[in-house]
Structure formats: C-alpha cells, structure tokens
Amino acid sequence: MELLLTLIALIVAYLLGAIPFAYLLGMKFKGIDLRKHGSGNLGATNGIRVLGPKLGLTAGFFDIVKAIVPMALTQMAATLWLDGVLPFNLLWIGFAAAVGHCYPIYMNFKGGKAVATSIGAYLFLFPLQAVVIVAISLGIVKLTKFVSVASSMFSILFVLEGLVFMRSLDELIPRVAFMVLILWRHRSNYQRILQGTENKAKF
C-alpha cells in the first residue's frame, strides 16, 4: 500500500504540475502562444511580461496551487490508509509537481522554471518561512532588478534555512533537489546577466 500510494501520488503530482496555465490563459484570453513570445518560458514571469500583470499573476497563482493540491491529497490519502504516517517526505510530492511544471508532458517537455510551484510546496508545509523568504526575494528583485537572481536566492535560502534549523536529512534532501532544479532551469538567465542582455524588472 505504501509503495502504491507513493507511485500514484508522484504521478498525479507530476501530471497536475505539468498543466501549463500560463499557456492556457494566453491562448484563451489573448490568442498568444507564450512559447513564441518573450523568453518562450511557460511561467509567471514571462506571462507577466507578455500577457500583462493580471493574466501573468493569475498563472502564477495556479502554478502555486498545483503543488499544494497534490500535497494535500497525498496527506489526506495517508490519513485514510496509512494512519497519517507518510513513507516519504511530503516535499517530494511538491518536487514532482515542480518537475511537471518544468518538463510538462503536454507541451513537449518545455515548461517553466519551477519557482511558483516551489513556493506552493513550501507554503503548504512551512507557511511562515515561505512568506518571509518570498518577502526577502522580492527585496532582492527590488535591489538587483533581476527576477532570476531573486528566484535563485529563494531556492538557496530555503536550503540554508533547513541547515540552520536542521530537522532531518529527510527534509533537507528535497530542499536541495528544489534548489538544483531551480538553478539548473535558470542557467540561461545567468549567461544573459554576464552578457548584459538579461531583462530587468520594472519595479
């Protein structure tokens, strides 16, 4: 039962995470294929730049939710069938959703950069820490004008927070996995920063 629940939870999380909300909203309301505009990324940042704040932030909200939903469902399933004891850290379910967001099966595995979905995973388990670290990350955007730098620091700060308030390796390892995924997905941004061609935030 534990193995079956684990496999089902990971698959469901991936499939939900793979739903390309930024693409769907762009096509539905503006007839814009987000893959062909801006950075071509199917995430909230490119959505805001190309589709405008309203649709972009809406996409970001749904990208956050698509981590929370499978994590909540997995927790409920564990309560029903495993006496509330999960055989794995729940962050891995959020990570599966983030992988789906980055590599969506519905879009030829070309998606976003995992930041909003990662925020959803952390909000579900660590709401206070998530709010504080998101606030710090917004401050970094304000200072540097680079969303990519703030996104990277968000992932790093959560690993550092895990190290400072170490609970277990079982919790730290998925945090590191989130960080590696986010840093990997932003590698082209780092190249553009070095070349002086990276887009800057306008606030």
> Which of the aspartates and glutamates could a cross-linker bridge to K113, judged by Cα under 19 Å and excluding same-chain residues fewer than eight apart?
Replying inline: D33, D63, E198
> So which chymotrypsin sites (Phe, Trp or Tyr not before Pro) in the range 75-150 are both in a DSSP loop and have at most 12 other Cβ atoms within 10 Å of their Cβ?
Replying inline: F109
> What dipole magnitude, in Debye to the nearest 20, does the chain give about its Cα centre under +1 on Lys/Arg Cβ and -1 on Asp/Glu Cβ?
Replying inline: 1140 debye
>> Tell me the net charge near A98. Cut-off is 13 Å between Cβ atoms, A98 excluded, with +1 for each Lys or Arg and -1 for each Asp or Glu.
In response: +3
> Using 17 Å as the cut-off for backbone N distance, which residues of the range 1-36 belong to the label zone defined by a point 7 Å from the Cα of L80 along Cα→Cβ?
Replying inline: 1-13
>> Tell me whether the chain comes out rounded, prolate or oblate; compute the Cα gyration tensor, take square roots of the eigenvalues as a ≥ b ≥ c, and use a/c under 1.5 as the rounded threshold.
In response: oblate
> In a GNM of the chain with a 10 Å cut-off on Cα contacts, which of Y14, Y190, Y103 has the highest mean-square fluctuation?
Replying inline: Y190
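At a 10 Å Cβ-Cβ cut-off, how would you order I136, I93, I182, fewest neighbours first?
Working: I136 13, I93 31, I182 24.
Ranked by crowding around the Cβ, least crowded first: I136, I182, I93.
Greater than 23 Å separation of Cα atoms is the criterion. Which listed pairs, K110/K142; K36/K110; K28/K145, meet it? Present the calculation step by step, with values, prior to reporting the outcome.
Values: K110/K142 29 Å; K36/K110 12 Å; K28/K145 30 Å.
Exceeds cut-off: K110/K142; K28/K145.
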> Shape of the range 131-203 from its Cα gyration tensor (a ≥ b ≥ c, root eigenvalues): rounded if a/c is under 1.5, otherwise prolate when a/b > b/c, or oblate?
Replying inline: oblate
>> Neighbour counts of other C-beta atoms within 10 Å: give me S118, S137 arranged from fewest to most.
In response: S137, S118
> Amide H to amide H, which residues 5 or more places from A201 or on other chains are under 5 Å from it, using H placed in the peptide plane?
Replying inline: F146, V147
> Angle, helix 147-164 long axis vs. longest principal axis of the chain, Cα atoms, 0 to 90°, nearest 10?
Replying inline: 30 degrees
> Where the centroid of each part is defined by its Cα atoms, how far is the range 11-81 from the range 160-176 in Å?
Replying inline: 27 Å
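Given the DSSP H assignment, sum -39500 (n - 2.57) over each helix run of at least 4 residues in the chain and divide by its residue total; what's the result at 222 nm in deg cm²/dmol, nearest 500? Working shown, then result.
Working: 10 runs with 148 residues, N = 203.
Result for the chain: -24000 deg cm²/dmol, rounded to the nearest 500.
With a ≥ b ≥ c the root eigenvalues of the C-alpha gyration tensor of the range 83-149, is it rounded (a/c under 1.5), prolate (a/b larger than b/c) or oblate?
Working: a/c = 4.10, a/b = 1.20, b/c = 3.41.
Oblate.
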> Given H101, G26, M71, which one lies farthest toward the positive end of the charge dipole of the range 2-195, if we put +1 on the Cβ of every Lys and Arg and -1 on the Cβ of every Asp and Glu?
Replying inline: G26
> So how do K36, K145, K66 line up by other beta-carbon neighbours within 10 Å, fewest first?
Replying inline: K36, K145, K66
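Since every read-out is calculated from the coordinates, none of them should be taken as a lab result. Computed from a predicted model, the values in this text were never measured in an experiment. FYI the Cβ positions are ideal-geometry reconstructions off the backbone, even for glycines, and counts take in every protein chain you see.
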